[in-house]
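**Student:** Here it is: the structure, laid out below.
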Amino acid sequence: MTESNGSAAPDQQQSRDMPDWEKRFRAPRVSLPDWAQDAPDRSLFVSNATGTYELYAWDRATGEQRQVTNRPNGTTDGVLSPDGAWIWWFDDKDGDEFGVWRRQAFTGGEDELAAPGLDASYPAGLALARDGRTAIVGRSTDDEGTTIHVARIGEPPVEIYRHPESAGVGDLSHDGSLIAVEHTEHGDAMHSALRVLRPDGSAVAELDDTKGGTVELGLEVLGFAPVDGDTRLLVGHQRRGRWEPLVWDVATGEETDLSLDLPGDVSAEWYPDGSGLLVAHSHEARSELFRYDLTTHELARIPTPQGTVSGATARPDGTVEFLWSSAAEPSTVRSTTGEVVLDPPGMKSPGSVPVEDVWVEGPGGRIHALIQKPANHTGGPLPTVFDIHGGPTWHDSDAFAAGPAAWVDHGYAVIRVNYRGSTGYGRAWTDALKHRVGLIELEDIEAVRQWAVSSGLADPARLILTGGSWGGYLTLLGLGTQPDAWALGIAAVPVADYVTAYHDEMEALKALDRTLLGGTPEEVPDRFEASSPLTYVDNVKAPVYISAGVNDPRCPIRQIDNYVRRLESRAAPHEVYRYDAGHGSLVVEERIKQVRLELDFAARHLNP
């Protein structure tokens, strides 16, 4: 989750004793507040003010803020009901993402089971009705696939959808009569189709861009119009090779293509009165906002500083609140009024250095990379960290990040590569990694590595490959397939043994892997073998550091243990840190410990 940093003065002694990189993690942060549709003074946000990320209720009318959840490993998944009366939050066990929804009154009180009768599962979307008693609950399990239920207070939940492939709740119409579902019944987990159902489960309409063509296109639900009786659904599509919005009237079938003349990916959400759209435009690692008038078809830019808008929402008075940051400036929740919306007390986060843009010719086209160098750098090759993003369908942007800033503080250059598979550069770039999974991304990383060395920026003897999740996977795969390229590898929550990972991971990720690789390990064993770090572990020359959450459902611990045993059998230099959480930690001190261990490992083995 992206958050906003506080700005109050820290304790002077604490400030003197603490390095800047730790302050960036410890500084209180807040997410963009969600507000209740029918009670806009009531908001819900996430903060790390106590040292653990938890949910907070905020009454804007009184200014009162109240911590809602309090769990050892933190809580970030929460939804505020449209009437502002209830906060739903997802209760899993120590980060394993398998659990149940609970709810708590906005004003406080005991938690209660929100949807009695539904067993624990992985979440697959949630939509709450304005009547205060109805919820549309999506569930995913290894045995059942995806199910969607209508859950009403005091009544048994009713199943309205079931399919073995991945799906999820998209949205519920303003009057509660229509339910939008994203599904992948066609078997392509990267490209969803849409179905609209009534609460009794009967179908109203279908929109499927995957049918009848060789080019795979995806759709996503952006939201129903916020007006009673309005059957317009805002949809994201890829028909012109990038994400764009259109308006689909699910009752008549009419589609209104907005055809916004903006490069890169475009998303949108409704203004509260349904008269216009708040448009978010992402292009080449930066983003901006617009207002689109649905009557005049005029597109008006909403002024924001250069950098990244990580989230935005239009308020009933027409103002827009947005979460903004750049690589150099910590994030803040701002308003088009010019005010800071939510400013937590406590330590203020130090800034960092700005990013520089580099474009490198690669085997699949021009690759965009973001470079940060120490502020006091006067020339000459630097020890360099290639910090690889996860996803893989994600991208690094000109946004504030405490991890890369810590490396820069310690004298390293940091390079982040938006390899093929990344979002924000068109559908073809995102979809290019199929079948030769991992190997394609590493071709792009290698092209940028060669540029970094030949340009004089990076010292070829002091190159670190690192990343978390998919970035951790690419780190281990890169150490085995490019053993002479890297001096050190640091992999957090990685895929290490692809076959075992497939069998142990949550069902939704199994579906994604089948899409990426073209089948199961039994159906396409050669592809899984070619893309698995375990295949190349005997080639690894560089010291390896691995950190992993023992409850991780995405990159499970057993497959990491398999990889580590192979390293041990070779007496290869490596260290492993296991911690009691899931796919990363929501506890600030734990996260600082992990970064400190990584910095120490690099210092001992690389001596920058």
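The values are calculated or read from the model by the stated rules, or taken from the named source; none is laboratory data. For clarity, every value in this text was computed on a predicted model and none was experimentally measured. Virtual Cβ from ideal backbone geometry, glycine too; neighbours counted across all protein chains shown. We work out accessible area using only protein heavy atoms, side chains counted, and drop any ligands, DNA or RNA first. Shrake-Rupley method; radii C 1.70, N 1.55, O 1.52, S 1.80 Å.
**Student:** Please work out the FRET efficiency for the pair residue 524 and residue 111, using the Cβ-Cβ distance as r and a Förster radius of 45 Å; give the result to the nearest 0.05.
**Tutor:** Efficiency, from the Cβ-Cβ distance: 0.50.
**Student:** What number, rounded to the nearest 500 deg cm²/dmol, is the helix-based mean residue ellipticity at 222 nm of the chain, given -39500 (n - 2.57) per DSSP H run of at least four residues and division by all its residues?
**Tutor:** Dividing the helical sum by the residues of the chain leaves -5500 deg cm²/dmol.
**Student:** So, one more: Please work out whether region 36-109 counts as rounded, prolate or oblate from its C-alpha gyration tensor, where a ≥ b ≥ c are the square roots of the eigenvalues and a/c under 1.5 means rounded, while otherwise a/b larger than b/c means prolate and anything else oblate?
**Tutor:** Here region 36-109 falls in the oblate category.
**Student:** Now, a different point. Near the amide H of residue 258, under 5 Å away, which other amide H atoms are found, from residues 5 or more places off or on another chain, if H is placed in the peptide plane?
**Tutor:** Excluding prolines and chain starts, which carry no amide H, the hits are 247.
**Student:** Net charge near residue 161: determine it from the other residues with C-beta under 12 Å of the C-beta of residue 161, scoring Lys and Arg +1 and Asp and Glu -1.
**Tutor:** Once all neighbours under 12 Å are counted, the net charge is -2.
**Student:** Using θ = phi - 60° and the Karplus form 6.51 cos²θ - 1.76 cosθ + 1.60, what ³J(HN,Hα) does each residue of region 158-173 get, whole Hz, x for Gly and Pro?
**Tutor:** In residue order, the calculated couplings are 10, 6, 10, 7, 7, 7, x, 7, 6, 7, x, 6, x, 6, 10, 5 Hz.
**Student:** In addition: Note the per residue figure in Å³ for the convex hull of the C-alpha positions in region 114-250.
**Tutor:** 104 Å³
**Student:** Is the shape of region 391-443 best called rounded, prolate or oblate, per the rule: a/c under 1.5 gives rounded, else a/b larger than b/c gives prolate, else oblate, with a ≥ b ≥ c the square roots of the Cα gyration tensor eigenvalues?
**Tutor:** prolate
**Student:** Would you mind getting the accessible area per residue of region 12-98, heavy atoms of the protein chains only, 1.4 Å probe, in Å²?
**Tutor:** 41 Å²
**Student:** Carbon-plus-sulfur fraction of the accessible area of the chain, 1.4 Å probe, in percent?
**Tutor:** Accessible surface attributable to carbon and sulfur in the chain totals 47 percent.
**Student:** Could you work out the local net charge near residue 245, counting Lys and Arg as +1, Asp and Glu as -1, over the other residues with Cβ closer than 10 Å to its Cβ?
**Tutor:** That works out to -4.
**Student:** As I understand it, the dipole of region 253-300 uses +1 on the Cβ of Lys and Arg and -1 on the Cβ of Asp and Glu, about the Cα centre. Which of 260, 271, 287 lies farthest toward its positive end?
**Tutor:** The one lying farthest along the dipole's positive direction is 287.
**Student:** Here's a follow-up. Does region 261-327 classify as rounded, prolate or oblate by the C-alpha gyration tensor (a ≥ b ≥ c root eigenvalues; a/c under 1.5 gives rounded; else a/b over b/c gives prolate, otherwise oblate)?
**Tutor:** Oblate.
**Student:** Between the DSSP loop rule and a limit of at most 16 other Cβ atoms within 10 Å, which trypsin sites (Lys or Arg not before Pro) in region 478-559 are left?
**Tutor:** 541
**Student:** Taking the Cα centre of region 272-344 as origin and charging only Cβ (+1 Lys, Arg; -1 Asp, Glu), how large is the dipole, in debye to the nearest 20?
**Tutor:** The dipole magnitude comes to about 120 debye.
**Student:** If one computes the Cα centroid of region 175-254 and of region 70-146, what distance in Å separates the two points?
**Tutor:** 24 Å
**Student:** Going from the alpha-carbon gyration tensor of region 459-564, what semi-axes, largest first and in whole Å, does one get by taking the root of 5 times each eigenvalue?
**Tutor:** 24, 15, 11
**Student:** Would you mind checking 373/434; 23/541; 23/93; 510/593; 93/593; 23/373 for any pair whose Cα atoms are more than 25 angstrom apart?
**Tutor:** 373/434; 23/541; 23/93; 510/593
**Student:** Relative contact order of region 496-589, please, whole-number percent, based on alpha carbon pairs below 8 angstrom and at least 6 residues apart.
**Tutor:** This gives 33 percent for region 496-589.
**Student:** Next up: Consider just the alpha-carbon atoms of region 227-350 and return their Rg together with their Dmax, both in angstrom.
**Tutor:** Using the Cα atoms of region 227-350, the pair Rg, Dmax is 16.0, 54 Å.
**Student:** Hey, another quick one. Per residue of region 234-243, in order, report the coupling 6.51 cos²θ - 1.76 cosθ + 1.60 (Karplus, θ = phi - 60°) as ³J(HN,Hα) in whole Hz, putting x for Gly and Pro.
**Tutor:** Residue by residue, region 234-243 yields 7, 10, x, 9, 10, 5, 10, x, 7, 6 Hz.
**Student:** Using label points projected 7 Å from each Cα along Cα→Cβ, tell me how many nm separate residue 85 and residue 570, to one decimal.
**Tutor:** With each label placed 7 Å out from Cα toward Cβ, I get 6.2 nm.
**Student:** Quick check: convex hull over the Cα atoms of region 52-150, volume per residue in Å³, rounded to an integer?
**Tutor:** 96 Å³
**Student:** At a threshold of 8 angstrom on Cα-Cα distance, excluding pairs fewer than six apart, so keeping six or more, what relative contact order does the chain reach in percent?
**Tutor:** 11 percent
**Student:** How high is the relative contact order of region 356-514, in percent, counting Cα pairs under 8 Å that sit 6 or more residues apart?
**Tutor:** Computed value for region 356-514: 24 percent relative contact order.
**Student:** Could you calculate the FRET efficiency of residue 62 with residue 377 from 1/(1 + (r/R0)^6), where r is the beta carbon distance between them and R0 is 60 Å, rounded to 0.05?
**Tutor:** 0.75
**Student:** Run the simple label-point estimate for residue 593 and residue 206 please: 7 Å along Cα→C-beta, distance reported in nm.
**Tutor:** Between residue 593 and residue 206, the simple spin-label model gives 5.2 nm.
**Student:** Sticking with this structure for a sec: For region 157-196, list residues with backbone N below 16 Å from a point placed 7 Å from the Cα of residue 252 toward its Cβ?
**Tutor:** none
**Student:** Provide the packing ranking of 111-121, 435-445, i.e. peptides ordered by the mean count of other C-beta atoms within 10 Å per residue, highest first.
**Tutor:** 435-445, 111-121
**Student:** Residue 337 to residue 580: extension gain in nm, 0.36 nm per residue of separation minus the Cα-Cα distance?
**Tutor:** Gain on extension, residue 337 to residue 580, equals 83.2 nm.
**Student:** On to the next question. Around residue 210, what is the net charge, scoring Lys/Arg as +1 and Asp/Glu as -1 over all other residues with Cβ under 10 Å from its Cβ?
**Tutor:** Combined, the nearby Lys, Arg, Asp and Glu give -4.
**Student:** Please report, in debye to the nearest 20, how large the charge dipole of the chain is about its Cα centre when each Lys and Arg carries +1 at its beta carbon and each Asp and Glu carries -1 there.
**Tutor:** The dipole of the chain has a size of about 1640 debye.
**Student:** Let's test the formula: R0 of 45 Å, r as the Cβ-Cβ distance of residue 93 and residue 261. What FRET efficiency results, to the nearest 0.05?
**Tutor:** 0.40
**Student:** May I ask for log10 I(q)/I(0) of the chain at q = 0.06, 0.10, 0.11, 0.12 Å⁻¹, from a Debye sum over the Cα atoms as equal point scatterers with solvent left out?
**Tutor:** So the normalised log intensities are -0.30, -0.92, -1.14, -1.40.
**Student:** Treat every Asp and Glu Cβ in region 509-608 as -1 and every Lys and Arg Cβ as +1, leave all other atoms uncharged, and give the resulting dipole magnitude about the Cα centre to the nearest 20 debye.
**Tutor:** 160 debye
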